[in-house]
Amino acid sequence: MTAPVYAAPANAPVEPATKQGRFLLEREGVLGPLLLLPAVVYILALVGFPLILAVLYAFSDVTVGSPHITSTKDFVGLANFRVILNDPVFREALRNTIVFTVVSQVIVVVLATILGLVLAEDFKGKRLVRFLILLPWTTPIALSVLGWFWMLDSVYSPIDYVMREVGLLGPHTPFGPARNMYWLGKTNLAQASVIAVHVWRTLPLATVILLAGLSSIPKDIVEAANMDGASYWRTLFKVKLPLLTPIMSVAILFSIIFTFTDLSVSLVLTRGGPVNDTQVIATWAYFKGIQGGNLAQGAAIALFMVPVLVVIAVLMLRLARRTETT
Amino acid sequence: MAVVETRKLTKRFSDEVVAVNEIDLRCVDGEFLVLLGPSGCGKTTLLRMIGGLEQPTSGEILIADRVVNNLPPRARQIAMVFQSYALYPHMSVYENIAFPLKAAKLDKAAQREKIAWAASILGIDELLKRKPRQLSGGQRQRVALARALVREPNVFLLDEPLSNLDAQRRASARDELQVFQKDIGTTTIYVTHDQVEAMGMGDRIAVIDSGHIRQLGTPHEIYEEPADTFVATFVGSPPMNLVPEGDELVGFRPEAFYPITADTPSDTSSVLRVNVINAREEYLGSEKLIYAEVNGIRVVSRLPANVDAGIAEGSSATFGVLRSNLRHFNAETGLRVQPGRVPVLSGAANA
Amino acid sequence: MVTTADRTMAHLPDEDSGKYRVMTIGARVVLYLLALLFAAFAAIPFIWMIITSFKTDQDLYNPNHSPFEFTTPPTLHNYTLLFTSTHYLTFIANTLIVALLVVVITVAAVVPAAYSLTRLAGRWGENLGILIFLVYLVPPTLLFIPLTGVIADINLQNSWWSLVLVYPTFTIPFCTWLMMGFFKSVPWEIEEQAMIDGYTRLGAIWRTVIPISIPGILTIVIFSFTLTMHEFVYALAFVQSSSQKTVSVGVFTELIRGDVYFWQSLMAAAALVALPVALLYNFFLDRFIAGFTLGAVKG
């Protein structure tokens, strides 16, 4: 049936333009940006603009009392940075931030790997263990650090009590003769405590991300390794861990950001003490900028986080792109 | 009259990718038109443009003689059934079928009546309270059809609606769908990559490749008079044999290619004799295929299973094909041509 | 690994099977020990918190009493004190209302944005999505100083409204990313079908995509809620008067007066918020992690 086809007149009626206006919202080119607008405006106004403002502040003389840049006279060039860099407290804060981040994250990598492998096995009570292990991440940080603050109390620390009971602390003991460690009162112990709490706080995140990675390793790869007679350890180091590298990188990049920019741990635990020994960039920016009212210097101090953030953002983008193509 | 028409319809996804290239197509009232082609040939894009889900780059789409390029899908008086059936998972079967009626602001009583009507046509009265996930593939397909039916559209657009069914169910669904379409008489455009569906169901078939319509015609025309080598080899299983002969390709269907034995004498004026080598037989139950070579070119013969051709593995034999069954194509363009000379084929036997 | 070893064993001669044993008793012991050790490390501050909150003064403030036992019977006095003589209930109320408003703003901004990025933005949608996600990584400690100026300019200093305004800056980016994952799992054909069936695009979204994505929306509701409960830096910087404080900051600044600590009430206050939030978080953690893995792992 080669149907006798009927052709519509060449000038068939087109829907009139007035009617088309009604369908404007159907167009992807119109609707797409429109739906995106609120979120983008929000982010630009309250993240983008403040970021620019942070830079402007850093080169100005604004304070809480006069928080406006009204004329070019308010710009003071590099004065803030000169003051900051000449301040030994800032240099110590910068050093502490880097040391705390590096040391805590090295520990997190090791512990998260061990903990991830433990949680990958089946055992009784695993759900409870998982819930408990996640507590440091799932609870509001200021409140949980308050718990540590009390754990490390100079007189009533339960850790000290246990040490006394087993004969490590008190008269005639290895850590004696004092009856208390004064965890947050001595430089090294305070710094170690801050690092420990950072480890405690970010370990759950790194672990669960790693676990997600572990469960995504194709079973047949591990099975093939087992078939070939590889032992548990050989499979672990030669097969599993290499496959986990990208996901582990993601986990660590997040952990680094959360640790590097953190204010809560040092502030709640030690308020930067003893004598600035646990001061970090964030706490120092807070003390200078908010408590001291010198917004300009506070902003300049906080800007020292930016290089690290940029590097991490770039690394993340690379990782995201790589996972996209595979 | 033409229910659906496209004029120089083109869709470019990027500079290199032209999914649909200046397609002119007319689909008449009540017709079952099949768009047939390999995956990625542009047939689904064409259907989606007719449905209003894809904006054409250029060209016009007419439905019921109105240019609808600027109309959204809902204003085009069409119904579509997707490959996945796209049933709304959060609604019951009843609510699924009622969904387009609600959009049309039909009152509840009229909705009920119409749903009952559609459900009885498709035999799904028992399923109305179920959720889509509780249905089999075949049931889902019927629900999707019922939902399309209640819209009383100008045209049904069906995108591979049988490809999610298992092989057995597919054959009966093919039959049902065809009966259903003839009963309700609604113009249907049906996209498939399955030539059996196309041949069995289509009033006409448009064979599409790389964004072009290679041939538009009845199943008979498509099979017997392929317009080019693409159509000749895409339609038919196994495909048409193509043997080079000078600047032409000589084509013949496997079932028209048969072994010549002593007791099947034939005169050379009406039968072309071909000597083949390396013959090999494949038994398929209902039929058998014989693979062989002519001058290095693979050819296939299809015979009823009960024919004993007496061909030993790897042997040579003489085959014949009626000259009226020969089709000629330009070797360069692949287009159908009238025979330039009487074919002899290099491997032809001199009787 | 366990099942694999099982299966492999069946094909091996007996003398070899020892090598492929599922897990030796020693390994099991190590496993349990490690699990116990990590769980204790994670949970001890909270256990100590809870025990403390029920202790009497004479029990708690005697260094010779075991901190893990009740030498005198447990008391609810600290909780009564917390609820009657502190602003704790005000803090809770402030926190809840801030969280509620933040959730509303977040959902209102995130659902359309995520839809737009997955469905309407074409190829650059995914990249823009990643970019928005990276905004989540801009830390509050970098922004709180300029934002203090902004908040002062619009006269919201010392009011929890400032938090309502600022918190969506971190909930929107993360939740947009999460929501994109959900929308990607809804087949396009469902909404196309609805558009064919007679609805506008917005009508189709409202009637099909949104109902199907309810679990996803619930997830972002929970996350904007918990992220708000977690926040500390902005609340510390913007709000000074007790009547406007949220829990994290209120407990930290108000219940510690100089050097006098009401430890039991303080711990009660922390535990009462921390544990419910942890429970809520835990329910939805897997989806959260799926977002964090940047799509490297299918959640």
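None of the figures in this text is laboratory data; all of them are computed from the coordinates on show. Bear in mind the structure is a predicted one, so any value in this text is a computation, not a measurement. Virtual Cβ from ideal backbone geometry, glycine too; neighbours counted across all protein chains shown.
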Could you give the distance between the Cα centres of the stretch C:117-176 and the stretch B:20-46, to the whole Å?
48 Å
Rounded to whole Å, give me the distance from the Cα center of the stretch C:48-95 to that of the stretch A:194-266.
38 Å
Can you figure out the FRET efficiency of B:D308 with B:E225, using R₀ = 45 Å and their beta-carbon distance, to the nearest 0.05?
0.90
As a test of the definition: which semi-axes, in Å, follow for the stretch A:189-326 when you take the square root of five times each eigenvalue of its alpha carbon gyration tensor? Largest first, please.
40, 18, 9
Mean Cβ count within 10 Å, highest first, over the residues of peptides B:77-86, C:217-226
B:77-86, C:217-226
When only DSSP loop residues count, what chymotrypsin sites (Phe, Trp or Tyr not before Pro) in the stretch A:34-129 have their Cβ near at most 14 other Cβ atoms within 10 Å?
A:F123
Give the lysines reachable from A:K126 as a straight Cα distance under 26 Å; neighbours fewer than 8 places away on the same chain don't count.
A:K219, A:K240, C:K298
From phi via Karplus (6.51, -1.76, 1.60), per-residue ³J(HN,Hα) for the stretch C:87-103 in Hz, x at Gly/Pro:
8, 3, 5, 4, 4, 4, 4, 4, 4, 5, 6, 4, 4, 4, 5, 4, 4
In chain B, if the dipole is taken from +1 on Lys/Arg beta carbons and -1 on Asp/Glu beta carbons about the Cα centre, which of B:P132, B:M80, B:G217 is farthest to the positive end?
B:P132
Kirkwood hydrodynamic radius, the protein assembly as shown, all distinct C-alpha pairs: what's the number in Å?
34.2 Å
Averaged over its residues, how many other protein chain Cβ atoms are within 10 Å of peptide B:49-55's Cβ atoms?
3
Roughly how crowded by other chains is peptide B:66-79, in terms of the mean Cβ count from those chains within 10 Å of each of its Cβ atoms?
6
Dimensions of the stretch B:1-131 along principal axes (Cα, Å, largest first)?
48, 30, 24
Amide H proximity to B:V81 below 5 Å, modelled H, separation 5+ or other chain, gives B:L157, B:L158, B:D159
Dividing the alpha-carbon Rg of the stretch A:62-202 by 2.2 N^0.38 Å yields what?
1.51
Compute the distance in nm between two label points, each set 7 Å from the Cα along the Cα-to-Cβ direction, one at A:V110 and one at A:S231.
2.1 nm
Classified through the alpha carbon gyration tensor (a ≥ b ≥ c as square roots of its eigenvalues; rounded if a/c is under 1.5, else prolate when a/b is larger than b/c, else oblate), chain A comes out oblate
Taking the Cα-to-Cβ direction at B:I297 and at B:S324 and moving 7 Å from each Cα, how far apart do the two end points lie in nm?
2.3 nm
What spacing in nm lies between the two simple spin-label points modelled at B:S315 and B:Q55, each 7 Å away from Cα in the Cβ direction?
6.7 nm
Cα gyration tensor shape for chain C, rounded if a/c is under 1.5, else prolate or oblate
oblate
DSSP H segments from chain A that extend 30 Å or more along their own axis, Cα-based, with Kyte-Doolittle mean of -1.0 or above:
A:88-120, A:187-216
When chain C is treated as a Gaussian network with springs between alpha carbons less than 10 Å apart, the largest mean-square fluctuation among C:S265, C:S243, C:S185 is found at C:S185
Return the lysines within reach of B:K8: Cα separation strictly under 22 angstrom, same-chain partners fewer than 8 residues apart disregarded; answer none if there are no such residues.
B:K43
10 °C / 1.306 mPa s Stokes-Einstein diffusion coefficient of the stretch B:91-234, Kirkwood radius on C-alpha pairs, µm²/s:
95 µm²/s
Largest first and rounded to whole Å, the semi-axes √(5λ) derived from the alpha carbon gyration tensor of the stretch B:239-337 read 23, 15, 13
The stretch C:195-262 versus the stretch B:90-105: alpha-carbon centroid distance in Å:
36 Å
Over all alpha-carbon pairs of chain B, lay out the pair-distance distribution in 10 Å bins, whole %, shortest bin first.
5, 21, 25, 21, 15, 9, 3, 0
I'd like the mean, over residues of C:230-236, of how many other protein chain beta carbons sit within 10 Å of each residue's own Cβ.
6
Packing-based ranking, highest mean first, of B:325-331, C:173-179 given that Cβ atoms within 10 Å are counted
C:173-179, B:325-331
Could you line up B:R147, B:R273 from fewest to most neighbouring Cβ atoms inside 10 Å?
B:R273, B:R147
